[in-house]
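Just so it is clear, none of the values below were taken in a lab; they were calculated from the coordinates. Remember, predicted model here, so these are calculated numbers, not experimental data. When we count neighbours, we look across all protein chains shown, and the Cβ atoms used for this are built from the backbone with ideal geometry, even at glycine.
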Amino acid sequence: MASRVSAACIFALALLIAPLAGTNGNFVADWSFKGPTLNEWPPVTLASADSWARGGKVWYSDLTGLKPIKMEDAVDDRFLKAAHAKYPA
């Protein structure tokens, strides 16, 4: 019985303290960041076949034990093409 009373007291105390830990809704930032917008970023592109071949020399070496994969089998660019079509640069 005493454990239930002490648990209830701790819970009630937590409910009383909780509003003190909250904010008052009048937050004013000390500073704000003015950075580049997404419109200023370069368009997203996939790796070229040449860069895939250059990377393959490292990825598919004897030390990694990875089997070579063709770029066409590993990369699905449908999402990127659809995004470029919907939001042209």
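Tabulated results
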| item | result |
| --- | --- |
| Hull shadow area, averaged, region 47-89 [alpha-carbon convex hull, nm²] | 3.7 nm² |
| Pairwise FRET efficiency - H84 versus S32, Cβ, R0 = 30 Å, nearest 0.05 | 0.40 |
